[in-house]
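A.B. asks: Have a look at the structure that comes next, please.
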Amino acid sequence: MDIAALQRWLQHAMTIEARTSKGIIRFQHGSDYRRFLLRLKQNASSNTLKSVKPIPLIRGISCQLPAGLSLEAFQGQVWLEKDCKISVRPSPYKAKTMDNGIPWGVQHIRAPQAWGTTTGYRVKVGVIDTGIDFQHPDLQHSLLRGINLIHRGRPPRDDNGHGTHIAGTIAAANGMHGMIGVAPRALIAPVKAFDHNGSAFVSDIILGIEWCVRNKMDIINMSFGMRNRSKALLSAVINAYNAGVIIVASAGNDGKRRTVDYPARYPQTISVGATNRLRRIAPFSNRGAYIDIYAPGDKIMSAWLKGHYNEMSGTSMATSHVSGAIALLLSLNPGLPPAEIKAVLKRSMQPLRSNKARRTIGELDVWRMLQAAEKR
């Protein structure tokens with residue numbers, strides 16, 4: 001491949017005065033990608049090429065390009081796709097007080113019954129989200145440093161609330177005055193890829209996955225989704241899966257019966273739908289054959305900004321329950337591969353309370369999950 005020609009094309013494309021959008025370019029061959037990065041380093045003085053962001057996990061880069069541009073001259077050697085935006089579900093801020101140290105969802109999945117056996121001790125969960133409130137008293141003992149992919153060099157502080165809520169359900173640990181999450185001795189690594197509005201580019205999500213793989217996270221929690229399929233995101237998910245990382249993803253909140261959001265739709269993830277207190281599928285939850293398991297997601301209380309608490313609903317909340325449960329399982333059975341963990345979850349599900357629900361689907365039950373893992 002003519003790497004010099006590609007760089008000239010890229011440099012020219014990035015100087016065109018037209019409406020631009022972010023794009024992801026992936027290389028078919030690792031040798032071409034390495035040569036491209038080497039030339040990029042040699043041309044570091046170029047202002048246009050400085051904005052090119054390498055994504056080694058998928059042998060790719062992200063950069064600003066004119067809309068409608070194609071790479072026909074390099075067809076079969078590189079692939080171009082739009083760097084789409086993903087959003088976490090916005091929620092109005094509602095300060096709440098904790099009535100009980102154990103939220104209903106944590107009780108419902110029977111996590112407390114497992115704490116005499118496992119608390120998720122030192123299992124590492126990468127939460128790709130809006131960051132975390134480092135000052136929250138319920139989370140201070142559960143945190144790793146993490147990374148801020150939006151403002152490199154700054155700590156991944158939460159300026160939205162969603163990431164703090166997710167982290168609280170997974171691993172909050174302050175039973176005396178606050179709340180307890182599903183796996184209170186697991187460790188959360190906040191990976192801030194979403195801004196204060198709850199928006200992120202696919203390229204930043206992929207960089208977050210790469211960080212989690214490189215830093216040996218056991219689990220990646222992805223409480224977000226999009227309707228468009230991204231081959232670049234799929235490539236990142238496959239690489240993480242092959243590295244033994246368990247990816248848990250939310251199915252989406254559109255109330256659809258035959259589809260779920262990406263990346264939950266990829267078979268390498270554990271796709272999570274939401275239930276309510278009655279063990280029924282929540283009306284907002286996507287459902288159907290693509291769902292691997294359901295978990296509590298309706299009116300879930302968890303940690304929020306400035307040491308407060310907030311009630312939120314969504315498959316995002318259900319996903320955090322499953323990530324916590326897997327942390328409990330991995331603490332007892334370290335090294336279990338992703339496929340085996342999915343199989344254990346499916347074997348141990350509680351049937352849903354609905355005449356219309358298929359018998360092949362069900363709700364998370366931590367106690368049954370641990371028993372199923374012993375019998376495998």
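Please treat every number below as a calculation from the coordinates, not as lab data. Computed from a predicted structure; not experimentally measured. Please note: Cβ atoms are built from the backbone with ideal geometry, for glycine as well, and neighbour counts cover all protein chains shown.
A.B. asks: For the range 233-368, give the magnitude of the charge dipole about the Cα centre (Cβ charges: +1 Lys/Arg, -1 Asp/Glu; no others), in debye to the nearest 20.
C.D. replies: Value, rounded to 20: 600 debye.
A.B. asks: Which order do the peptides 31-43, 342-354 come out in when sorted by mean C-beta neighbours inside 10 angstrom, highest first?
C.D. replies: 342-354, 31-43
A.B. asks: Projecting each Cα onto the charge dipole of the chain (Lys/Arg +1, Asp/Glu -1 at the beta carbon, about the Cα centre), which of H12, N333, I61 comes out farthest on the positive side?
C.D. replies: N333
A.B. asks: Here's a follow-up. Restricting to the chain, compute how many DSSP beta bridges are antiparallel as a %, nearest 5.
C.D. replies: Of the beta bridges lying entirely in the chain, close to 55 percent run antiparallel.
A.B. asks: If you don't mind, another one. Here is the link list: K50/K306; K50/K124; K41/K85; K53/K216; K124/K231. Which ones come out longer than 31 Å on Cα distance?
C.D. replies: Check vs 31 Å cut-off fails for K50/K306; K50/K124.
A.B. asks: Hey, another quick one. Per-residue counts of other Cβ atoms within 10 Å, averaged by peptide: what ranking do you get for 68-77, 274-283, 293-302, highest first?
C.D. replies: The peptides rank, most packed first, as 293-302, 274-283, 68-77.
A.B. asks: With each pseudo-label sitting 7 Å past Cα toward Cβ, what's the N197-R257 distance in nm, one decimal?
C.D. replies: Result: 3.5 nm between the two label points.
A.B. asks: Can I ask one more? Assuming a ≥ b ≥ c are the square roots of the Cα gyration tensor eigenvalues, decide whether the range 286-338 counts as rounded (a/c under 1.5), prolate (otherwise, with a/b larger than b/c) or oblate.
C.D. replies: oblate
A.B. asks: On to the next question. Nothing charged except the Cβ atoms of Lys and Arg (+1) and of Asp and Glu (-1): what's the magnitude of the dipole of the range 104-375 about its Cα centre? Round to the nearest 20 debye.
C.D. replies: Approximately 840 debye in magnitude.
A.B. asks: Over the chain, what is the relative contact order in percent, taking alpha-carbon pairs closer than 8 angstrom and at least six residues apart?
C.D. replies: In percent, rounded to a whole number, it is 17.
A.B. asks: Also, quick follow-up: Could you run the Karplus curve 6.51 cos²θ - 1.76 cosθ + 1.60 with θ = phi - 60° over the range 284-294 and give me ³J(HN,Hα) per residue in whole Hz, x for Gly and Pro?
C.D. replies: Per residue, the Karplus-derived 3J(HN,Hα) values read 7, 6, 5, 8, x, 5, 6, 7, 8, 7, 10 Hz.
A.B. asks: So, with +1 on the Cβ of K and R and -1 on the Cβ of D and E, and no other charges, what is the size of the charge dipole of the range 3-83 about its Cα centre, to the nearest 20 debye?
C.D. replies: 300
A.B. asks: As an exercise, use a Förster radius of 51 Å and the Cβ-Cβ distance of Q64 and Q371 to find the FRET efficiency, rounded to the nearest 0.05.
C.D. replies: 0.45
A.B. asks: Give me the three principal axis extents of the range 3-83 from the C-alpha atoms, as integers in angstrom, largest value leading.
C.D. replies: 32, 28, 22
A.B. asks: Most fluctuating residue of L139, L49, L329 in a GNM of the chain with Cα springs under 10 Å: which is it?
C.D. replies: Maximum fluctuation in the GNM of the chain, among the listed residues, is at L49.
A.B. asks: Still on this model: Counting residues in the range 119-253 as N, plug N into 2.2 N^0.38 Å and put the Cα Rg over that result.
C.D. replies: 0.99
A.B. asks: Would you mind getting the Kirkwood hydrodynamic radius of the range 222-376 from its Cα pairs, rounded to one decimal in Å?
C.D. replies: 15.7
A.B. asks: Peptides 312-322, 177-187: what's the order by average Cβ count within 10 Å, highest mean first?
C.D. replies: The packing order, highest mean first, is 312-322, 177-187.
A.B. asks: Hey, of (1) 62, 42, 35; (2) 67, 45, 38; (3) 78, 41, 38, which did the structure itself give for Cα extents along the principal axes in Å when calculated?
C.D. replies: It is the one labelled (1).
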